[in-house]
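This report refers to the structure that appears directly beneath it.
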Amino acid sequence: MSAAASAAANDNRTAIVEGDASAPAGADEVSQLPAPSVATPPAPQPVSVARSATYVVCSALLFLTQGLGMNLALANLTQLQGSLSATSIEAAWLSAAYMAPNVSLSIALVKIRAQYGLRRFAEIGILGFVIVSLMNVFVSDLHSAIVVRFISGIAAAPMSTLGFLYMLEAFPPARKLTVGLALALTCTTISAPITRLISPTLIEYGQWHGLYTLEMALALMALPIIYLMPLTPVPHAKVIQRTDILSYLLVAIGFGCIAIVLTMGRLYWWFEAPWLGVLLAVAIVALTAVVMIELNRELPLIDIRWLASKEILHFTAVLLVFRLVASEQSAIAANFYQLLGLQFEQVATLYWVILGASIAGGILCAALMNPAHAEFVHILALSLLAAGAYIDSQATNLTRPEQMYLSQAMIAGGTALFLPPAMSSGFKAALMKGPSYILSFIVIFLFTQSIGGLIGTAAFGSFVTLREKFHSNVLAEQVVMSNPLIAQRISQLAGAYRRVIGDRTLLDGEGVALLGQQVTREANILAYNDAFLLASIIALCALAGLLAHILYKRIAADLASPATALTS
C-alpha cells in the first residue's frame, strides 16, 4: 500500500455513515470510528461531562437543521401547491430534485474529507448550507424551487456528516460504536415527527418562505458551532485519484436516475411514461460501467468483489428489508391520516407520541449496544414492527389517532432499535477487511437506506393504488339498486339535498354520487389495511429468518464443540 493510501486508511479509522431518509441520513461518517480489531487503541482520556453534553447538543442541532431542510417540503407538498402554482405531481418534483444528488454524495465526502482535512471540510460544509438556506428567500415559483431543492440536496450531505462527527466527538473511543452510534442514528429519526408538529404554524405564517425561514435560522445558529466547537483534527493525505472522480460521477448518475424513477414512477405510473424507462436504462449503463472500471483497478474506490460476497449480500438484504418495513410509518400511515381527513390538531398528539417513542427506543438501544445483545435487540425490534403494523391493519373509517398511539409508538421504537446494532456489526466487518473497505460499506448503507427508503415508498404507494382498484371493483359490484339496503342508503344520502332539489331523478343521482364517494373511501381504507398487513408479514418473515439463523448458528456451534474436544 502506498504512503498516501496508508495515511488515508489511518484517517478512515478515525471517521460514520450518514443516512435518510426517510431515511435516515448518514453514510460517510463511519470513517470517524475506532478500529479496535485492527490496532490496539490508546488508553482513553477522561472526557468532561459538560464538554460531552455540549457536543451532543451541537450534534442534535446539526441533525435537526439538516433533517428539517429535507422534510419540510416533503411533508407539506399539498399545502405548497398553491403558493408555487403547481399540481400535485409537479410539486413531487421538489422531493425528486432533493434526493437525486443527495443519495450518492456521501461516497465522495469520505475521500474529500480525507484529502483536505476535517476542519476545512466542516467550515466549507456549513457555509455552503447557510448560503443555500438563504437562497430559499428568493424562491417565487415551482422552477426556482426545484433548482434550490437540487442545490439543497447537495449542501445537506455534509451537514448530516457533521452531525455524526459531533456526536462521536462527545464520547471516548470505547463508546463511539455503542452509545455514540445509537444516539446519532436516533437523531436522524426525530426530524420527521418534529416537522409534522411545526409545519402547520409555519405554513400559516408564510407558506414556502415561512418553512424555510426556520431552516435559515437554524443554519445561522449552527454556523458558529463549527468555529467555537472544533472537532479533533485527523491526519490527511492526497488520496483522490482521477479514476475515483470518474467512478463517483457514474455512481452519482446511476443513483440519481434511480432516485428520480422511484420518486416519480408511481405518480406518472411505471409503464405510462417512456422517460422513466430511459432514466432506468441510463442508471443501468452507468452502474455497469462503474462495475467494469472498479473490477480492473488495483486500488478501487468500491470493492465490487467484496460487495458480491455471500455475507455482504446477506447483510444488504437484512438492511433493505428493515428499511422497507420502517417505511410503513412515513409511506403508509401519514397518507392514511390524510385520507381520513384528519386535521393537524387531531394528529399533533400522535406525532408527540412518535417522537417520544423514537427517543426512548434510541436510549434503550444505547443501553443495549453490546455484541452479546445484538440478536436480542433485533428480535425485539422486528417484533415491535410486526405487531405495530398488524394493529394498524385493523383500521376503519372510524379510526382516529387515539387508536394508533400504541401501534405507531411500537413502530417508532422498533425503527430506533434495529439500525444501530446492524450498522455497528457491518462496520466492524468492513474494518476486519481493512480501512479501505469503508467506502464499500458506505455504498451498502446508502443503497439500503436512501435508495431503500425510496423503494419502500414507491412499492407501498403502488401497492395501495393497485389494491384500491381491486377493492373498488369488488364493492362496486355490490352497489345495485335491487338491493333494498343500497336503495335505503342512497335515499338517506340524498335526503340532505331534498330541500334544494325537487326533481326526484336528480335527487337520486346525488345520492348515488355520494354513495360512490363513500365506496371509494372504503376501498382506500381497505387498501391501506392491506399495505399495513403486508408490512407486518414482511417483518414476521424477517423475524422468522433471524430466529432460524440463530438456531442454525447454535446447532453448528454445538456440533463443532465435540469435534474440537476430540481433536484436542
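Read the figures in this text as sums done on the coordinates, not as results from a lab. From a predicted model like this one, the values you see are computed outputs, not experimental measurements. A quick note on method: Cβ atoms are made from the backbone with ideal geometry, for glycine too, and the neighbour counts reach across all protein chains shown.
Expressed in units of 2.2 N^0.38 Å, where N is the residue count, the Cα radius of gyration of segment 130-271 is 1.29. With label points built 7 Å along Cα→Cβ from the Cα atoms of Ser144 and Leu398, find their separation and express it in nm. Result for the modelled spin labels: 5.1 nm.
Do the alpha carbons of any pairs in Lys310/Lys428; Lys176/Lys310; Lys310/Lys553; Lys238/Lys428 sit beyond 22 Å of each other, and which pairs? Checking Cα-Cα distances, Lys176/Lys310; Lys238/Lys428 exceed 22 Å. Counting each pair of different Cα atoms once, what's the Kirkwood radius of segment 111-166 in Å, rounded to one decimal? Over segment 111-166, the inverse of the mean reciprocal pair distance is 12.1 Å.
Orientation-averaged projection of segment 242-298 equals 3.8 nm² [convex hull of Cα atoms, one quarter of hull surface area]. Available extension along the chain between Val49 and Ala544 is 174.0 nm, counting 0.36 nm per residue and deducting the alpha carbon span. Each residue, Ser85 and Leu134, gets one label point 7 Å from its Cα in the Cβ direction; the gap between the two is 2.8 nm. Put a dot 7 Å past the Cα of Ala289, heading toward its Cβ, do the same for Thr349, and the two dots end up 5.6 nm apart.
Each eigenvalue of the Cα gyration tensor of segment 348-396, multiplied by 5 and square-rooted, gives one semi-axis; in descending order these are 24, 16, 4 Å. The charge dipole of the chain, taken about its Cα centre with unit charges on the Cβ of Lys, Arg, Asp and Glu (plus for the first two, minus for the last two), comes to roughly 860 debye.
The calculated pair-distance distribution of segment 314-568 uses every alpha carbon pair, bins of 10 angstrom beginning at 0, and gives 7, 23, 26, 19, 12, 7, 4, 2, 1, 0 percent. Once the C-beta distance of Ala429 and Thr465 is scaled by a Förster radius of 51 Å, the resulting FRET efficiency is 0.85 to the nearest 0.05.
By the count of neighbouring beta-carbon atoms within 10 Å, fewest first, Val278, Val519 end up ordered Val278, Val519. Coupling constants for segment 402-415 follow from the phi torsions by the Karplus curve (6.51 cos²θ - 1.76 cosθ + 1.60, θ = phi - 60°), and in residue order they are 4, 7, 10, 4, 5, 5, 5, 5, 5, 5, 4, x, x, 5 Hz; glycine and proline get x.
For Ile245 and Val57, a Förster radius of 41 Å and the Cβ-Cβ distance give a FRET efficiency of 0.65, rounded to the nearest 0.05. Charged neighbours of Thr415, selected by a Cβ distance under 10 Å, balance to 0 (K, R count +1; D, E count -1). Remark: the Ile154-Glu272 segment gains 39.5 nm on full extension, using 0.36 nm per residue and subtracting the alpha carbon distance. Shape class of segment 270-404 from the alpha-carbon gyration tensor: oblate, with a/c at 1.5 or above and b/c at least as large as a/b. The residues packed around Ser472, meaning those with a beta-carbon under 11 Å from its beta-carbon, carry a net charge of 0 if Lys and Arg are +1 and Asp and Glu are -1. Beyond 44 Å, the tail of the calculated P(r) for the chain holds 20 percent of the Cα pairs.
Note down the net charge around Gln241, summing +1 for each Lys or Arg and -1 for each Asp or Glu among other residues with Cβ under 14 Å from its Cβ. With Lys, Arg at +1 and Asp, Glu at -1, the neighbours total +1.
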